[in-house]
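To keep things clear, I will list the structure first and then write my remarks on it.
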Amino acid sequence: MLTAAEMAAVDAQAAATVPFAELVRRAGTAAAGSALRLLGGAYGRRVVVVAGKGHNGDDGRVVASLLARRGAAVTVVPAGAAVRLPVADLVVDAAYGTAFHGDYRAPDAGAGTPVLAVDLPSGVRADTGAAVAGAVRAVRTVTFGALKPGLLLGEGRLLAGLVELAPIGLPVGPAAINLVGDDDLSGLPPRRPDGHKWDAACFVVAGSPGMAGAAALAARGALRAGSGMVRLGSPGAAPGAVPVLEAVATALPADGFADAVLAGLGRCKALVVGPGLGRGAAVAPAVRRLLAEADVPLVLDADALNALGRLADHADVLARRRAPVVVTPHEGEFARLAGAAPGADRVGDVRRLAAASGAHVLLKGPTTVVAAPGGDVLLASAGTARLATAGTGDVLSGIVGAFLARGLGPLQAAALAAHVHGRAAELGLAEGLVSGDLPDLVATFLSGAAGA
């Protein structure tokens, strides 16, 4: 995945060895092929191409030429020249591409007329997905060389429609921003033939009197994502008060519970802290001590994040840790951790918080953004509105803990957990999905992926 600046550099590198006209021909041919698939054929179809003055418009004019040769009735309209377009079976938007800035109002294509966007819907910013009020709404976008962040973030995610990637021979190398997908599950360490329950053991510190549900969801998320042993402790609650039969209940005092957690880490490979802990006076000092002293990969969520305040204030502690930390905020929690709410540039904001603190930061959203302190970013776009129900974040923290315990690195564990979380929700009820459904759906999805 490349930003606008990175894409411009790739284009310049390509132009040094491939004639510009050939690059335009390849891009236009790829877009014309997408148009033909949308139309179901060209002969007799009416097509309007909105073409800008720049390279995006050049691509659009190639589309127009190719479709006309196939028998379509094609009208090319210069960008900005019309408020309303002629009646058409398809509109091809080639007004602006990745270099868009300023303002734009797409001409009216007429109700129900499908729009194919070339590279990026005009009016959408390539790096952030922020869109002007008059931006194009496409049913499909064909993009070249690499995905752009704006196709997955902000309003761009909604305006792009189905995204097709056409390589067209551009010299795209390794990128700092990447999208996780089902294929990345191949990197999840499998169970060893001679393995045992402690191989991926996870300690979950969650819940409190009256908040047993959050603890159960986090523990079940870890179990269903592959933790063969989950130790579960809820400060101040009686052992066994949380109804997860497969987890081993651990007694934790309401005050000073960090001592008992540190003593019980033993053979555990990861630690999850936060869901349902509450905001009592004893929580913050215990969380901060676990941050400083727990020597296994650590996931901090929910009330553990509230206990930290500004995350950068703990940078010295994080720098001394031997094992990574993953924080999993939603937007409100991110605002407290960073000192400001995430803006339009979510990737940049998450990167800055990770760099300033030394933690791996997972910002939840329709597209989840995960950044490492060094600047690498993974996006997980499998989110669905079905997850907009209480407790789903608790399940996610358990999945991250399980993947860390299974041996994934923190960036991969967090992003792949977000992907699995979203893909599992797609298997659930379209209406009425509750967080308690998710752990079993996670196991179902992982089992299906393993058998694929």
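The values are calculated or read from the model by the stated rules, or taken from the named source; none is laboratory data. Small disclaimer: the values here were computed from a predicted structure and weren't measured. Cβ atoms come from the backbone with ideal geometry, glycine included; neighbour counts cover every protein chain shown.
Inspection of the range 306-314 identifies at least one residue that is surrounded by fewer than 20 Cβ atoms within 10 Å (Cβ to Cβ), aliphatic (A, V, I, L, M), touching a helix residue (DSSP H, G or I) at 6+ places or on another chain (Cβ under 8 Å) and over 22 Å from ALA282 (Cβ atoms).
Please tell me if LEU223 is closer than 20 Å to VAL420 by Cβ and in contact (Cβ under 8 Å) with a residue 40 or more places away in the chain. Walk me through how you get there before you give the answer.
Numbers: closer than 20 Å to VAL420 by Cβ: yes; in contact (Cβ under 8 Å) with a residue 40 or more places away in the chain: yes.
Against the criterion (closer than 20 Å to VAL420 by Cβ and in contact (Cβ under 8 Å) with a residue 40 or more places away in the chain), LEU223 qualifies.
Rundown of residues vs (1) closer than 25 Å to VAL317 by Cβ; (2) among the hydroxyl-bearing types (Ser, Thr, Tyr), yes/no style:
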| site | (1), (2) |
| --- | --- |
| HIS360 | yes, no |
| GLY365 | no, no |
| GLY391 | no, no |
| LEU396 | yes, no |
| ALA405 | yes, no |
| LEU416 | no, no |
| HIS421 | no, no |
| GLY428 | no, no |
| SER435 | no, yes |
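Quickly run through the range 121-146 and pick out the residues that are part of a strand (DSSP E or B) and in contact (Cβ under 8 Å) with a residue 40 or more places away in the chain. Result: ARG140, VAL142, PHE144. Restricting attention to the range 279-305, the residues that are part of a helix (DSSP H, G or I) and buried (at least 20 other Cβ atoms within 10 Å of the Cβ) add up to 8. Within the range 245-278, the set of residues being small (Gly, Ala, Ser), buried (at least 24 other Cβ atoms within 10 Å of the Cβ) and part of a loop (DSSP other than H, G, I, E, B) comprises ALA247, GLY274, GLY276.
Of the residues that make up the range 185-203, is at least one in contact with a strand residue (DSSP E or B) (Cβ under 6 Å, 6 or more places away or on another chain) and among the hydrophobic types (A, V, I, L, M, F, W, C)? Outline the logic, then answer.
First, the residues of the range 185-203 that are in contact with a strand residue (DSSP E or B) (Cβ under 6 Å, 6 or more places away or on another chain): 202-203.
If we keep only those that are among the hydrophobic types (A, V, I, L, M, F, W, C) as well, we get 202-203.
The answer is yes; a qualifying residue exists.
Table: residues versus (1) crowded, with 23+ Cβ neighbours inside 10 Å; (2) of a type in the set (Gly, Ala, Ser).
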{"site": "ALA175", "(1), (2)": "no, yes"}
{"site": "VAL180", "(1), (2)": "yes, no"}
{"site": "LYS197", "(1), (2)": "no, no"}
{"site": "VAL205", "(1), (2)": "yes, no"}
{"site": "GLY213", "(1), (2)": "no, yes"}
{"site": "ALA222", "(1), (2)": "yes, yes"}
{"site": "PRO235", "(1), (2)": "yes, no"}
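Could we say that VAL420 is of a type in the set (A, V, I, L, M, F, W, C) and surrounded by fewer than 24 Cβ atoms within 10 Å (Cβ to Cβ) here? Spell out how you get there, then give the answer.
Working: of a type in the set (A, V, I, L, M, F, W, C): yes; surrounded by fewer than 24 Cβ atoms within 10 Å (Cβ to Cβ): no.
Answer is no for this residue.
To keep it simple, each residue is scored yes or no on (1) at pLDDT 95 or above; (2) crowded, with 18+ Cβ neighbours inside 10 Å; (3) under 22 Å from GLY169 (Cβ atoms); (4) of a type in the set (S, T, N, Q).
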| position | (1), (2), (3), (4) |
| --- | --- |
| ALA8 | no, no, yes, no |
| GLN13 | no, no, yes, yes |
| THR17 | no, no, yes, yes |
| GLY41 | no, no, no, no |
| GLY54 | no, no, yes, no |
| GLY57 | yes, yes, yes, no |
| ALA68 | yes, no, no, no |
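Going by what's in this entry, would THR98 be described as in the same structural domain as PRO19 (by TED's automatic domain parsing), at pLDDT 95 or above and of a type in the set (Ser, Thr, Tyr)? So THR98 fails the test.
Pairs linking a residue in the range 1-22 that is without any contact (Cβ under 8 Å) to a residue 24 or more places away in the chain to a residue that is assigned to a helix (DSSP H, G or I) and of a type in the set (A, V, I, L, M), with Cβ atoms under 7 Å and 6 or more positions apart or on different chains, are ALA15/LEU23.
Looking for whichever is under 30 Å from GLY278 (Cβ atoms), aliphatic (A, V, I, L, M) and at pLDDT below 90 here; the options are ALA225, ALA212, ALA219, ALA206. Which one fits? Give the steps one after another, and end with the answer.
On the way: ALA225 fails: at pLDDT below 90; ALA219 fails: at pLDDT below 90; ALA206 fails: at pLDDT below 90.
Criteria check complete, one pass: ALA212.
Over 23 Å from ALA417 (Cα atoms), surrounded by fewer than 22 Cβ atoms within 10 Å (Cβ to Cβ) and touching a residue at least 60 places away in the same chain (Cβ under 8 Å): is that true of ALA344 in this structure? Yes, satisfied.
Does at least one position in the range 101-108 carry a residue that is under 27 Å from the mean Cα position of the chain (by Cα), of a type outside the set (Val, Ile, Thr) and buried (at least 24 other Cβ atoms within 10 Å of the Cβ)? Looking for residues that are under 27 Å from the mean Cα position of the chain (by Cα), of a type outside the set (Val, Ile, Thr) and buried (at least 24 other Cβ atoms within 10 Å of the Cβ), one finds none in the range 101-108, hence no. Kindly evaluate ALA64 against the criterion of being in a helix (DSSP H, G or I), crowded, with 19+ Cβ neighbours inside 10 Å and of a type in the set (A, V, I, L, M, F, W, C). The answer is yes for ALA64.
Just to check your reading of the model, which residue among ALA286, ALA292, ALA281, ALA270 is over 28 Å from the mean Cα position of the chain (by Cα), aliphatic (A, V, I, L, M) and within 21 Å of LEU362 (Cα to Cα)? Spell out how you get there, then give the answer.
Values: ALA286 fails: within 21 Å of LEU362 (Cα to Cα); ALA281 fails: within 21 Å of LEU362 (Cα to Cα); ALA270 fails: over 28 Å from the mean Cα position of the chain (by Cα).
Sole residue among the options that is over 28 Å from the mean Cα position of the chain (by Cα), aliphatic (A, V, I, L, M) and within 21 Å of LEU362 (Cα to Cα): ALA292.
Could you look through the range 366-417, keep only residues that are farther than 22 Å from GLY343 by Cβ, among the charged types (D, E, K, R) and surrounded by fewer than 24 Cβ atoms within 10 Å (Cβ to Cβ), and pick out the one that is farthest from the chain's Cα centre (by Cα)? Of everything passing the filter in the range 366-417, ARG406 is farthest from the chain's Cα centre (by Cα).
Run down ARG386, ARG423 and say which single residue is of a type in the set (Lys, Arg) and touching a Phe, Trp or Tyr at 6+ places or on another chain (Cβ under 9 Å).
The match here is ARG423.
Quick check on the range 105-120. Is at least one of its residues without any contact (Cβ under 8 Å) to a residue 12 or more places away in the chain and small (Gly, Ala, Ser)?
Of the residues in the range 105-120, the ones without any contact (Cβ under 8 Å) to a residue 12 or more places away in the chain are 111-112.
Then drop every residue that is not small (Gly, Ala, Ser), which leaves 111-112.
Yes: one or more hits.
Which fully enclosed strands (runs of 3 or more DSSP E) of the range 147-244 have 2 or more residues being within 17 Å of the chain's Cα centre (by Cα)? Don't jump to the end; show me each part of the working.
Values: elements: 162-166, 177-179, 202-205, 230-233.
Passing ranges, in order: 162-166, 177-179.
Within the range 24-42, is there a residue that is under 24 Å from GLY112 (Cα atoms) and more than 34 Å from the chain's Cα centre (by Cα)? Yes: the range 24-42 contains one or more residues that are under 24 Å from GLY112 (Cα atoms) and more than 34 Å from the chain's Cα centre (by Cα).
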